[in-house]
Amino acid sequence: MKKEFRELLNEKGRKDFPKVLLAAAECAPLSKTGGLADVVGTLPKSLMALGMDARVITPYHRCIKEKYASSVEHMFHFYVDLGWRHQYAGIEKLTLDGVTVYLVDSEYYFGDKIYRGGQPEIEQYAFFCRAVMDALPNLGFEPEILHCNDWHTALLPMLAKTQYNYDRRGSMKFLLTIHNIAFQGWCGFDSASDLLGIDSRYYTPEFMELNGCADFLKAGCVFADRINTVSPNYAEEIKMPYYAEGLEGILNARAHELSGIVNGIDKDFFNARTDAFIPAHFDRGHLGGKAKCKTALQEQMGLEVRDDVPIVAMVTRMTEQKGFDLVAAMIDELMNTRDMQFMLLGSGDKKFEDFMRGAEARYKGRLASYIGYNEALAHLVYAGSDFLLMPSRFEPCGLSQMIAMRYGCLPIVRETGGLKDTVRPDNKVYEGNGFSFANYNAHEMRDTVYYALGCFYDKERMRALINRAMSTDFGFELSAQEYAKLFICMI
Ligand code: ADP
(Lines give C-alpha, C1' and ligand atoms only; values in the text may rest on other atoms or scores of the structure.)
Protein backbone atom coordinates (compact mmCIF):
# COMPACT_ATOMS: atom_id res chain seq x y z
CA MET A 1 0.00 0.00 0.00
CA LYS A 2 1.24 3.49 -0.85
CA LYS A 3 2.52 5.58 2.05
CA GLU A 4 -0.02 8.30 1.30
CA PHE A 5 -2.92 5.88 1.83
CA ARG A 6 -1.35 4.34 4.92
CA GLU A 7 -1.13 7.78 6.49
CA LEU A 8 -4.69 8.68 5.61
CA LEU A 9 -5.92 5.37 7.02
CA ASN A 10 -3.85 5.88 10.19
CA GLU A 11 -5.65 9.15 10.80
CA LYS A 12 -8.87 7.14 10.80
CA GLY A 13 -7.38 4.54 13.11
CA ARG A 14 -7.49 1.95 10.35
CA LYS A 15 -5.04 -0.36 8.67
CA ASP A 16 -7.08 -1.43 5.69
CA PHE A 17 -9.09 0.23 2.95
CA PRO A 18 -12.88 0.43 3.29
CA LYS A 19 -14.84 -2.13 1.31
CA VAL A 20 -16.78 -0.60 -1.55
CA LEU A 21 -19.75 -1.74 -3.59
CA LEU A 22 -20.48 0.14 -6.82
CA ALA A 23 -24.11 0.15 -7.91
CA ALA A 24 -24.88 1.16 -11.48
CA ALA A 25 -27.25 0.55 -14.38
CA GLU A 26 -24.43 -0.51 -16.70
CA CYS A 27 -20.92 -1.91 -16.43
CA ALA A 28 -18.48 -2.41 -19.32
CA PRO A 29 -17.77 -4.81 -20.94
CA LEU A 30 -20.94 -6.57 -19.71
CA SER A 31 -23.40 -3.84 -20.66
CA LYS A 32 -22.72 -0.44 -22.15
CA THR A 33 -24.50 2.51 -23.69
CA GLY A 34 -22.10 5.27 -22.64
CA GLY A 35 -19.22 6.54 -20.53
CA LEU A 36 -20.86 5.51 -17.24
CA ALA A 37 -20.26 1.86 -18.15
CA ASP A 38 -16.56 2.51 -18.76
CA VAL A 39 -16.11 4.09 -15.34
CA VAL A 40 -18.04 1.36 -13.53
CA GLY A 41 -16.10 -1.32 -15.44
CA THR A 42 -12.64 0.18 -14.98
CA LEU A 43 -12.75 1.83 -11.54
CA PRO A 44 -13.07 -1.36 -9.43
CA LYS A 45 -10.21 -2.99 -11.34
CA SER A 46 -7.97 0.00 -10.63
CA LEU A 47 -9.11 0.10 -6.98
CA MET A 48 -8.31 -3.61 -6.60
CA ALA A 49 -4.85 -2.88 -8.00
CA LEU A 50 -4.39 -0.44 -5.10
CA GLY A 51 -5.36 -3.18 -2.65
CA MET A 52 -9.01 -2.29 -2.10
CA ASP A 53 -11.90 -4.76 -2.11
CA ALA A 54 -14.26 -3.13 -4.61
CA ARG A 55 -17.20 -4.99 -6.12
CA VAL A 56 -20.08 -4.15 -8.44
CA ILE A 57 -23.82 -4.72 -8.38
CA THR A 58 -25.68 -4.18 -11.66
CA PRO A 59 -28.76 -5.55 -13.46
CA TYR A 60 -28.44 -8.89 -15.26
CA HIS A 61 -29.43 -7.37 -18.59
CA ARG A 62 -30.40 -9.47 -21.60
CA CYS A 63 -27.13 -8.54 -23.37
CA ILE A 64 -25.16 -9.94 -20.40
CA LYS A 65 -27.21 -13.14 -20.27
CA GLU A 66 -26.61 -13.76 -23.95
CA LYS A 67 -22.82 -13.70 -23.53
CA TYR A 68 -22.05 -14.71 -19.96
CA ALA A 69 -24.83 -17.12 -18.89
CA SER A 70 -22.42 -20.06 -18.66
CA SER A 71 -19.98 -18.14 -16.40
CA VAL A 72 -22.39 -16.89 -13.74
CA GLU A 73 -23.10 -18.65 -10.47
CA HIS A 74 -26.55 -18.49 -8.88
CA MET A 75 -26.32 -17.26 -5.28
CA PHE A 76 -29.92 -16.86 -4.01
CA HIS A 77 -33.28 -15.41 -4.91
CA PHE A 78 -36.13 -13.60 -3.20
CA TYR A 79 -39.25 -11.61 -4.04
CA VAL A 80 -39.48 -7.85 -4.23
CA ASP A 81 -42.68 -6.02 -3.42
CA LEU A 82 -43.19 -2.87 -5.47
CA GLY A 83 -46.62 -1.65 -4.45
CA TRP A 84 -49.03 -4.37 -5.55
CA ARG A 85 -46.35 -6.08 -7.67
CA HIS A 86 -44.57 -9.15 -6.35
CA GLN A 87 -41.48 -9.75 -8.49
CA TYR A 88 -38.75 -12.40 -8.57
CA ALA A 89 -35.18 -11.18 -8.02
CA GLY A 90 -32.22 -13.49 -8.43
CA ILE A 91 -28.66 -12.71 -7.39
CA GLU A 92 -26.02 -14.18 -9.66
CA LYS A 93 -22.29 -13.80 -9.30
CA LEU A 94 -19.63 -13.35 -11.94
CA THR A 95 -15.90 -12.74 -11.62
CA LEU A 96 -14.48 -10.49 -14.28
CA ASP A 97 -10.75 -9.66 -14.34
CA GLY A 98 -10.67 -10.46 -10.62
CA VAL A 99 -13.61 -8.18 -9.80
CA THR A 100 -16.73 -9.71 -8.24
CA VAL A 101 -19.88 -8.57 -10.01
CA TYR A 102 -23.30 -9.27 -8.47
CA LEU A 103 -26.02 -9.41 -11.11
CA VAL A 104 -29.66 -8.72 -10.22
CA ASP A 105 -31.75 -11.06 -12.31
CA SER A 106 -35.28 -10.30 -13.41
CA GLU A 107 -36.56 -11.37 -16.81
CA TYR A 108 -39.49 -9.00 -16.28
CA TYR A 109 -37.39 -5.85 -15.80
CA PHE A 110 -34.06 -6.62 -17.47
CA GLY A 111 -35.05 -9.08 -20.18
CA ASP A 112 -35.17 -6.41 -22.85
CA LYS A 113 -33.49 -2.98 -23.13
CA ILE A 114 -31.00 -1.54 -20.63
CA TYR A 115 -33.16 1.59 -20.52
CA ARG A 116 -36.84 1.25 -21.37
CA GLY A 117 -37.54 4.97 -21.30
CA GLY A 118 -40.33 6.88 -19.52
CA GLN A 119 -42.36 5.35 -16.74
CA PRO A 120 -41.26 1.74 -17.47
CA GLU A 121 -37.66 2.85 -16.84
CA ILE A 122 -38.65 4.41 -13.50
CA GLU A 123 -40.20 1.08 -12.50
CA GLN A 124 -37.16 -0.86 -13.80
CA TYR A 125 -34.76 1.06 -11.59
CA ALA A 126 -37.09 1.40 -8.61
CA PHE A 127 -37.06 -2.40 -8.69
CA PHE A 128 -33.28 -2.46 -8.96
CA CYS A 129 -32.83 -0.15 -5.94
CA ARG A 130 -35.24 -2.18 -3.82
CA ALA A 131 -33.58 -5.45 -4.91
CA VAL A 132 -30.11 -4.09 -4.01
CA MET A 133 -31.29 -3.02 -0.56
CA ASP A 134 -32.94 -6.39 0.10
CA ALA A 135 -29.99 -8.38 -1.24
CA LEU A 136 -27.33 -6.54 0.80
CA PRO A 137 -27.59 -8.58 4.05
CA ASN A 138 -27.13 -11.85 2.15
CA LEU A 139 -24.29 -11.04 -0.26
CA GLY A 140 -21.62 -12.33 2.11
CA PHE A 141 -19.89 -8.98 1.56
CA GLU A 142 -20.49 -6.02 3.85
CA PRO A 143 -19.58 -2.84 2.04
CA GLU A 144 -18.69 0.18 4.13
CA ILE A 145 -19.37 2.45 1.21
CA LEU A 146 -22.12 2.08 -1.36
CA HIS A 147 -21.09 4.01 -4.44
CA CYS A 148 -24.20 5.05 -6.40
CA ASN A 149 -24.00 6.30 -9.97
CA ASP A 150 -26.50 8.61 -11.69
CA TRP A 151 -30.25 8.69 -11.07
CA HIS A 152 -30.82 4.96 -11.56
CA THR A 153 -29.17 4.18 -8.24
CA ALA A 154 -29.56 7.58 -6.57
CA LEU A 155 -32.53 6.47 -4.46
CA LEU A 156 -30.40 3.96 -2.54
CA PRO A 157 -29.23 6.40 0.20
CA MET A 158 -32.79 7.64 0.72
CA LEU A 159 -34.20 4.12 0.98
CA ALA A 160 -31.37 3.05 3.28
CA LYS A 161 -31.76 6.02 5.61
CA THR A 162 -35.54 6.35 5.68
CA GLN A 163 -36.65 2.73 5.43
CA TYR A 164 -33.74 0.52 6.56
CA ASN A 165 -32.31 2.49 9.47
CA TYR A 166 -28.81 2.68 7.96
CA ASP A 167 -28.51 6.26 9.15
CA ARG A 168 -28.77 5.30 12.78
CA ARG A 169 -26.60 2.26 12.42
CA GLY A 170 -24.07 4.45 10.63
CA SER A 171 -22.53 1.27 9.26
CA MET A 172 -22.57 2.22 5.62
CA LYS A 173 -21.81 5.49 3.86
CA PHE A 174 -23.10 6.58 0.49
CA LEU A 175 -21.26 8.30 -2.34
CA LEU A 176 -23.32 9.59 -5.26
CA THR A 177 -21.46 10.22 -8.50
CA ILE A 178 -23.22 12.41 -11.05
CA HIS A 179 -22.11 11.46 -14.56
CA ASN A 180 -24.84 13.41 -16.32
CA ILE A 181 -27.06 15.84 -14.48
CA ALA A 182 -29.37 16.20 -17.47
CA PHE A 183 -31.07 12.91 -16.56
CA GLN A 184 -32.61 12.90 -13.11
CA GLY A 185 -35.33 10.23 -13.10
CA TRP A 186 -38.55 12.23 -12.86
CA CYS A 187 -41.97 10.78 -12.14
CA GLY A 188 -45.18 11.74 -10.41
CA PHE A 189 -44.92 11.41 -6.64
CA ASP A 190 -47.89 9.00 -6.72
CA SER A 191 -45.76 6.63 -8.72
CA ALA A 192 -42.71 6.92 -6.42
CA SER A 193 -44.85 6.32 -3.39
CA ASP A 194 -46.71 3.43 -5.05
CA LEU A 195 -43.52 1.69 -6.17
CA LEU A 196 -41.33 2.28 -3.15
CA GLY A 197 -43.65 3.32 -0.35
CA ILE A 198 -41.94 6.72 -0.03
CA ASP A 199 -43.60 8.78 2.66
CA SER A 200 -45.32 11.99 1.51
CA ARG A 201 -43.24 14.03 3.98
CA TYR A 202 -40.36 13.64 1.50
CA TYR A 203 -42.34 15.18 -1.34
CA THR A 204 -41.18 18.73 -0.55
CA PRO A 205 -38.50 20.99 -2.11
CA GLU A 206 -36.16 20.14 0.81
CA PHE A 207 -36.20 16.49 -0.21
CA MET A 208 -37.17 15.03 -3.58
CA GLU A 209 -39.68 17.42 -5.15
CA LEU A 210 -38.61 19.42 -8.19
CA ASN A 211 -40.96 21.25 -10.54
CA GLY A 212 -43.94 19.21 -9.40
CA CYS A 213 -42.20 15.85 -9.88
CA ALA A 214 -40.48 13.33 -7.67
CA ASP A 215 -36.80 13.57 -8.65
CA PHE A 216 -34.59 10.54 -7.94
CA LEU A 217 -31.28 12.32 -8.48
CA LYS A 218 -32.33 15.13 -6.16
CA ALA A 219 -33.17 12.57 -3.48
CA GLY A 220 -29.65 11.19 -3.95
CA CYS A 221 -28.13 14.67 -3.58
CA VAL A 222 -30.07 15.15 -0.34
CA PHE A 223 -29.36 11.79 1.30
CA ALA A 224 -25.89 10.75 0.05
CA ASP A 225 -23.02 11.38 2.49
CA ARG A 226 -20.82 12.73 -0.31
CA ILE A 227 -21.53 13.82 -3.85
CA ASN A 228 -19.02 13.89 -6.65
CA THR A 229 -18.96 14.35 -10.36
CA VAL A 230 -16.59 13.46 -13.17
CA SER A 231 -14.38 16.55 -13.18
CA PRO A 232 -13.53 19.26 -10.61
CA ASN A 233 -14.62 22.03 -12.96
CA TYR A 234 -18.00 20.40 -13.61
CA ALA A 235 -18.43 20.14 -9.82
CA GLU A 236 -18.15 23.94 -9.75
CA GLU A 237 -20.37 24.46 -12.79
CA ILE A 238 -23.29 22.41 -11.49
CA LYS A 239 -23.72 24.89 -8.68
CA MET A 240 -24.89 27.38 -11.32
CA PRO A 241 -28.41 27.40 -12.76
CA TYR A 242 -27.08 27.26 -16.36
CA TYR A 243 -25.62 23.78 -15.79
CA ALA A 244 -27.54 22.43 -12.79
CA GLU A 245 -30.88 21.59 -14.41
CA GLY A 246 -32.71 22.71 -11.29
CA LEU A 247 -30.39 21.12 -8.71
CA GLU A 248 -28.31 24.26 -7.97
CA GLY A 249 -30.10 24.82 -4.65
CA ILE A 250 -29.24 21.49 -3.09
CA LEU A 251 -25.77 21.40 -4.67
CA ASN A 252 -24.92 24.83 -3.24
CA ALA A 253 -26.30 23.82 0.11
CA ARG A 254 -23.97 20.81 0.05
CA ALA A 255 -21.06 22.51 -1.71
CA HIS A 256 -18.64 21.43 1.06
CA GLU A 257 -19.49 17.79 0.35
CA LEU A 258 -19.30 18.07 -3.44
CA SER A 259 -16.12 17.41 -5.42
CA GLY A 260 -14.95 16.20 -8.82
CA ILE A 261 -12.61 13.49 -10.11
CA VAL A 262 -11.66 13.33 -13.79
CA ASN A 263 -12.35 9.99 -15.47
CA GLY A 264 -9.48 8.12 -17.04
CA ILE A 265 -9.25 6.24 -20.32
CA ASP A 266 -8.07 2.72 -21.06
CA LYS A 267 -4.46 3.38 -22.05
CA ASP A 268 -4.03 -0.12 -23.53
CA PHE A 269 -7.10 0.10 -25.74
CA PHE A 270 -6.20 3.59 -26.94
CA ASN A 271 -2.54 3.14 -27.72
CA ALA A 272 -1.00 4.43 -30.95
CA ARG A 273 1.89 1.97 -30.56
CA THR A 274 -0.27 -1.16 -30.58
CA ASP A 275 -3.76 -0.23 -31.83
CA ALA A 276 -5.08 -2.98 -34.12
CA PHE A 277 -7.57 -0.61 -35.76
CA ILE A 278 -4.98 1.65 -37.40
CA PRO A 279 -2.78 0.84 -40.42
CA ALA A 280 0.51 2.16 -38.97
CA HIS A 281 1.79 2.63 -35.44
CA PHE A 282 3.59 5.60 -33.97
CA ASP A 283 4.88 7.16 -30.81
CA ARG A 284 5.89 10.56 -29.47
CA GLY A 285 9.30 10.80 -31.09
CA HIS A 286 8.38 8.74 -34.15
CA LEU A 287 5.46 10.26 -35.97
CA GLY A 288 5.99 8.59 -39.38
CA GLY A 289 3.11 6.22 -38.67
CA LYS A 290 0.77 9.14 -37.98
CA ALA A 291 1.40 10.50 -41.49
CA LYS A 292 0.49 7.06 -42.90
CA CYS A 293 -2.71 7.04 -40.85
CA LYS A 294 -3.55 10.48 -42.26
CA THR A 295 -3.17 9.21 -45.81
CA ALA A 296 -5.27 6.12 -45.00
CA LEU A 297 -8.01 8.30 -43.49
CA GLN A 298 -8.04 10.61 -46.52
CA GLU A 299 -8.20 7.65 -48.92
CA GLN A 300 -10.94 5.88 -46.96
CA MET A 301 -13.10 8.99 -46.61
CA GLY A 302 -12.68 10.34 -50.15
CA LEU A 303 -10.67 13.38 -49.05
CA GLU A 304 -7.87 14.73 -51.27
CA VAL A 305 -4.70 12.89 -50.28
CA ARG A 306 -2.32 15.64 -49.12
CA ASP A 307 -0.02 15.83 -46.15
CA ASP A 308 0.30 19.62 -46.31
CA VAL A 309 -3.30 20.31 -45.33
CA PRO A 310 -4.56 20.21 -41.72
CA ILE A 311 -7.48 17.90 -40.87
CA VAL A 312 -9.91 19.12 -38.22
CA ALA A 313 -12.08 16.25 -36.96
CA MET A 314 -15.05 15.59 -34.71
CA VAL A 315 -15.97 12.20 -33.19
CA THR A 316 -19.18 12.77 -31.36
CA ARG A 317 -22.84 12.41 -30.64
CA MET A 318 -24.50 15.07 -32.79
CA THR A 319 -26.53 17.00 -30.24
CA GLU A 320 -26.88 20.54 -28.93
CA GLN A 321 -24.66 19.53 -25.99
CA LYS A 322 -21.71 18.97 -28.30
CA GLY A 323 -21.86 22.46 -29.81
CA PHE A 324 -23.19 21.54 -33.20
CA ASP A 325 -25.01 24.82 -33.66
CA LEU A 326 -21.64 26.61 -33.48
CA VAL A 327 -20.18 24.24 -36.07
CA ALA A 328 -23.21 24.69 -38.33
CA ALA A 329 -22.88 28.48 -38.06
CA MET A 330 -19.17 28.54 -38.92
CA ILE A 331 -18.40 25.64 -41.22
CA ASP A 332 -18.82 27.60 -44.47
CA GLU A 333 -16.68 30.48 -43.27
CA LEU A 334 -13.96 28.09 -42.13
CA MET A 335 -13.97 26.06 -45.34
CA ASN A 336 -14.04 29.19 -47.53
CA THR A 337 -11.28 31.10 -45.78
CA ARG A 338 -8.75 28.37 -44.96
CA ASP A 339 -7.01 25.52 -46.74
CA MET A 340 -8.24 22.77 -44.42
CA GLN A 341 -10.10 19.47 -44.41
CA PHE A 342 -12.94 18.57 -42.07
CA MET A 343 -13.84 15.04 -40.98
CA LEU A 344 -16.93 14.21 -38.97
CA LEU A 345 -17.76 10.84 -37.39
CA GLY A 346 -21.00 10.88 -35.47
CA SER A 347 -24.71 10.40 -35.27
CA GLY A 348 -27.57 12.02 -33.44
CA ASP A 349 -30.06 14.79 -34.20
CA LYS A 350 -31.40 14.53 -37.73
CA LYS A 351 -31.08 18.26 -38.37
CA PHE A 352 -27.33 18.13 -37.71
CA GLU A 353 -26.89 14.91 -39.71
CA ASP A 354 -28.65 16.51 -42.67
CA PHE A 355 -26.58 19.66 -42.30
CA MET A 356 -23.35 17.68 -42.46
CA ARG A 357 -24.52 15.71 -45.50
CA GLY A 358 -25.24 19.03 -47.21
CA ALA A 359 -21.82 20.42 -46.29
CA GLU A 360 -20.17 17.26 -47.63
CA ALA A 361 -21.83 17.84 -50.99
CA ARG A 362 -20.68 21.49 -51.05
CA TYR A 363 -17.05 20.72 -50.21
CA LYS A 364 -16.39 17.44 -52.02
CA GLY A 365 -12.89 16.12 -51.40
CA ARG A 366 -12.38 18.58 -48.52
CA LEU A 367 -15.12 17.66 -46.07
CA ALA A 368 -16.21 14.11 -45.27
CA SER A 369 -18.77 12.72 -42.87
CA TYR A 370 -19.60 9.24 -41.65
CA ILE A 371 -23.00 9.25 -40.01
CA GLY A 372 -23.13 6.30 -37.62
CA TYR A 373 -21.16 4.62 -34.87
CA ASN A 374 -17.89 3.03 -35.94
CA GLU A 375 -15.23 2.16 -33.36
CA ALA A 376 -12.55 1.23 -35.92
CA LEU A 377 -13.03 4.45 -37.89
CA ALA A 378 -12.96 6.45 -34.65
CA HIS A 379 -9.44 5.16 -33.95
CA LEU A 380 -8.33 6.02 -37.49
CA VAL A 381 -9.82 9.51 -37.20
CA TYR A 382 -7.95 10.17 -33.95
CA ALA A 383 -4.72 8.76 -35.40
CA GLY A 384 -4.97 10.45 -38.81
CA SER A 385 -6.27 13.91 -37.90
CA ASP A 386 -4.34 16.93 -36.71
CA PHE A 387 -7.03 18.57 -34.57
CA LEU A 388 -10.15 17.43 -32.73
CA LEU A 389 -12.90 20.02 -32.34
CA MET A 390 -15.09 19.82 -29.20
CA PRO A 391 -17.00 23.09 -28.78
CA SER A 392 -19.36 21.63 -26.15
CA ARG A 393 -22.07 23.66 -24.47
CA PHE A 394 -21.43 21.48 -21.38
CA GLU A 395 -19.21 18.43 -20.88
CA PRO A 396 -19.16 16.65 -17.49
CA CYS A 397 -15.80 15.04 -18.29
CA GLY A 398 -15.38 14.18 -21.97
CA LEU A 399 -13.28 11.26 -23.15
CA SER A 400 -12.74 12.15 -26.81
CA GLN A 401 -10.29 14.96 -26.05
CA MET A 402 -8.17 12.62 -23.91
CA ILE A 403 -8.25 9.86 -26.51
CA ALA A 404 -7.32 12.36 -29.24
CA MET A 405 -4.28 13.53 -27.25
CA ARG A 406 -3.11 9.90 -26.91
CA TYR A 407 -2.97 9.85 -30.72
CA GLY A 408 -1.26 13.22 -31.13
CA CYS A 409 -4.46 14.86 -32.37
CA LEU A 410 -4.66 18.27 -30.71
CA PRO A 411 -7.97 19.18 -29.08
CA ILE A 412 -9.69 22.52 -29.74
CA VAL A 413 -12.27 22.79 -26.95
CA ARG A 414 -14.59 25.12 -25.16
CA GLU A 415 -13.53 25.71 -21.57
CA THR A 416 -16.31 23.81 -19.88
CA GLY A 417 -16.50 20.86 -17.47
CA GLY A 418 -13.77 18.28 -17.88
CA LEU A 419 -12.52 19.91 -21.08
CA LYS A 420 -11.19 22.76 -18.97
CA ASP A 421 -9.55 20.33 -16.54
CA THR A 422 -7.82 18.22 -19.17
CA VAL A 423 -6.72 20.63 -21.94
CA ARG A 424 -3.96 23.18 -21.36
CA PRO A 425 -4.59 25.79 -24.05
CA ASP A 426 -1.45 26.70 -25.95
CA ASN A 427 -3.20 29.86 -27.14
CA LYS A 428 -3.43 31.04 -23.52
CA VAL A 429 -0.75 29.40 -21.35
CA TYR A 430 2.90 28.46 -21.72
CA GLU A 431 3.49 25.02 -23.24
CA GLY A 432 -0.05 23.77 -23.71
CA ASN A 433 -1.32 20.51 -25.17
CA GLY A 434 -4.31 21.88 -27.11
CA PHE A 435 -6.37 25.02 -27.66
CA SER A 436 -9.45 26.47 -26.02
CA PHE A 437 -11.97 29.30 -25.96
CA ALA A 438 -14.11 30.50 -23.08
CA ASN A 439 -17.55 31.50 -24.29
CA TYR A 440 -20.18 29.55 -26.15
CA ASN A 441 -19.76 31.79 -29.16
CA ALA A 442 -19.29 30.84 -32.83
CA HIS A 443 -16.74 33.56 -33.55
CA GLU A 444 -14.60 32.64 -30.55
CA MET A 445 -14.63 29.08 -31.79
CA ARG A 446 -13.71 30.18 -35.33
CA ASP A 447 -10.82 32.33 -34.12
CA THR A 448 -9.46 29.49 -32.00
CA VAL A 449 -9.63 27.12 -34.97
CA TYR A 450 -7.76 29.76 -37.01
CA TYR A 451 -5.13 29.96 -34.28
CA ALA A 452 -4.69 26.18 -34.23
CA LEU A 453 -4.51 25.99 -38.03
CA GLY A 454 -1.77 28.64 -37.89
CA CYS A 455 0.30 26.34 -35.65
CA PHE A 456 0.02 23.53 -38.21
CA TYR A 457 2.47 25.28 -40.53
CA ASP A 458 5.08 25.79 -37.78
CA LYS A 459 6.55 22.27 -37.83
CA GLU A 460 8.71 22.68 -34.72
CA ARG A 461 5.86 24.05 -32.64
CA MET A 462 3.48 21.38 -33.89
CA ARG A 463 5.95 18.63 -32.98
CA ALA A 464 6.32 20.07 -29.47
CA LEU A 465 2.55 20.35 -29.06
CA ILE A 466 2.01 16.75 -30.18
CA ASN A 467 4.77 15.61 -27.86
CA ARG A 468 3.14 17.31 -24.88
CA ALA A 469 -0.33 16.04 -25.79
CA MET A 470 0.92 12.46 -26.13
CA SER A 471 2.87 12.71 -22.85
CA THR A 472 -0.16 13.73 -20.78
CA ASP A 473 -1.21 10.87 -18.51
CA PHE A 474 -4.93 10.15 -18.57
CA GLY A 475 -4.76 6.62 -17.17
CA PHE A 476 -7.46 5.39 -14.84
CA GLU A 477 -4.86 4.76 -12.14
CA LEU A 478 -4.86 8.47 -11.28
CA SER A 479 -8.65 8.58 -10.99
CA ALA A 480 -8.64 5.44 -8.85
CA GLN A 481 -6.17 7.04 -6.43
CA GLU A 482 -8.44 10.07 -6.08
CA TYR A 483 -11.46 7.81 -5.46
CA ALA A 484 -9.48 5.82 -2.89
CA LYS A 485 -8.70 9.05 -1.00
CA LEU A 486 -12.34 10.10 -1.14
CA PHE A 487 -13.50 6.71 0.19
CA ILE A 488 -11.01 6.92 3.06
CA CYS A 489 -12.25 10.44 3.90
CA MET A 490 -15.79 9.09 4.06
CA ILE A 491 -15.25 6.40 6.69
P1 ADP B 1 -20.27 11.39 -24.41
O2 ADP B 1 -20.12 10.28 -23.40
O3 ADP B 1 -20.94 12.63 -23.88
O4 ADP B 1 -20.87 10.95 -25.70
P5 ADP B 1 -17.37 11.42 -24.37
O6 ADP B 1 -16.37 12.31 -25.05
O7 ADP B 1 -17.29 11.31 -22.90
O8 ADP B 1 -18.82 11.91 -24.83
O9 ADP B 1 -17.27 9.95 -24.95
C10 ADP B 1 -17.55 9.66 -26.27
C11 ADP B 1 -16.93 8.33 -26.63
O12 ADP B 1 -17.69 7.76 -27.69
C13 ADP B 1 -15.52 8.46 -27.15
O14 ADP B 1 -14.83 7.27 -26.84
C15 ADP B 1 -15.71 8.57 -28.66
O16 ADP B 1 -14.58 8.13 -29.38
C17 ADP B 1 -16.88 7.64 -28.86
N18 ADP B 1 -17.74 7.98 -30.00
C19 ADP B 1 -18.63 8.99 -30.08
N20 ADP B 1 -19.28 8.97 -31.26
C21 ADP B 1 -18.76 7.93 -31.95
C22 ADP B 1 -19.02 7.37 -33.24
N23 ADP B 1 -19.92 7.89 -34.05
N24 ADP B 1 -18.33 6.28 -33.61
C25 ADP B 1 -17.39 5.76 -32.79
N26 ADP B 1 -17.11 6.22 -31.55
C27 ADP B 1 -17.78 7.29 -31.14
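For this structure, a couple of remarks:
- Calculated from backbone phi, Karplus (6.51, -1.76, 1.60) coupling profile of the stretch 287-293 in Hz, x at Gly/Pro: 9, x, x, 5, 4, 5, 5
- Value of D in µm² per second that Stokes-Einstein yields for the stretch 330-473, Kirkwood Rh from Cα pairs, at 37 °C (0.692 mPa s): 211
- Largest to smallest principal axis extent of the C-alpha atoms in the stretch 345-395, angstrom: 30, 25, 19
- Reach of K485 by Cα under 13 Å, taken over aspartates and glutamates that are not fewer than 8 positions away in the same chain: E4, E7, E11, D16, E477
- Å² per residue, accessible surface of the chain at 1.4 Å: 39
- Virtual spin-label span in nm between S171 and N252, 7 Å along Cα→Cβ: 3.9
- Percent of Cα pairs exceeding the 33 Å cut-off, where the set is the chain: 42
- Across every direction, the projection of the convex hull enclosing the Cα atoms of the stretch 11-151 has a mean area of 9.1 nm².
- Inter-centroid distance (Cα atoms) of the stretch 225-273 relative to the stretch 137-188, Å: 18
- The stretch 428-486 - Debye-derived log10 I(q)/I(0), Cα point model, q = 0.18, 0.21, 0.30, 0.31 Å⁻¹: -0.77, -0.87, -1.17, -1.21
- Rh (Kirkwood; distinct C-alpha pairs) - the stretch 198-288, Å: 16.2
- Accessible-area composition of the stretch 54-99, carbon plus sulfur, in percent [1.4 Å probe]: 48
- Where the Cα pairs of the stretch 83-186 fall when distances are cut into 10 Å bins, in %: 13, 44, 37, 6
- With the simple spin-label model, which puts each label point 7 Å out from Cα in the Cβ direction, the A49 to K364 separation comes to 4.9 nm.
- Using 0.36 nm per residue and subtracting the Cα-Cα separation, the extra length available between A276 and H77 on full extension is 67.4 nm.
- When only the Cβ of Lys, Arg, Asp and Glu is charged (+1, +1, -1, -1), the dipole of the stretch 47-171 relative to its Cα centre reaches about 160 debye.
- By the rule of a C-alpha distance below 28 Å, with chain neighbours fewer than 8 residues away ignored, the lysines paired with K113 are K32, K45, K65, K67, K93, K218, K322, K350, K351.
- For the stretch 255-367, the calculated P(r) over all alpha carbon pairs, in 5 Å bins from 0 to the bin holding the longest distance, is 2, 9, 17, 17, 16, 14, 13, 6, 3, 2, 1 percent.
- Residues of type lysines that K459 reaches as a straight line, Cα spacing below 28 Å, ignoring anything fewer than 8 places off in the same chain: K267, K290, K292, K294, K364, K420, K428
- Exposure of M470 as accessible area (Å², to 10), given a probe of 1.4 Å and all protein chains: 20
- Computed [θ] at 222 nm, deg cm²/dmol, the chain (DSSP H ≥ 4; -39,500 (n - 2.57); rounded to nearest 500): -12000 deg cm²/dmol
- Note, ³J(HN,Hα) from phi for the stretch 108-117, Karplus 6.51, -1.76, 1.60, rounded to Hz, x at Gly and Pro: 5, 9, 10, x, 10, 7, 4, 10, 7, x
- Seen from a random direction on average, the alpha-carbon convex hull of the stretch 2-75 projects onto 6.2 square nanometres.
The values are calculated or read from the model by the stated rules, or taken from the named source; none is laboratory data. In this text the structure is predicted, and so the values were computed from the model without any measurement. Positions of Cβ are backbone-derived with ideal geometry, glycine not excepted, and every protein chain shown enters the neighbour counts. SASA here: full protein model, heavy atoms, side chains in, ligands and nucleic acids out. Shrake-Rupley method; radii C 1.70, N 1.55, O 1.52, S 1.80 Å.
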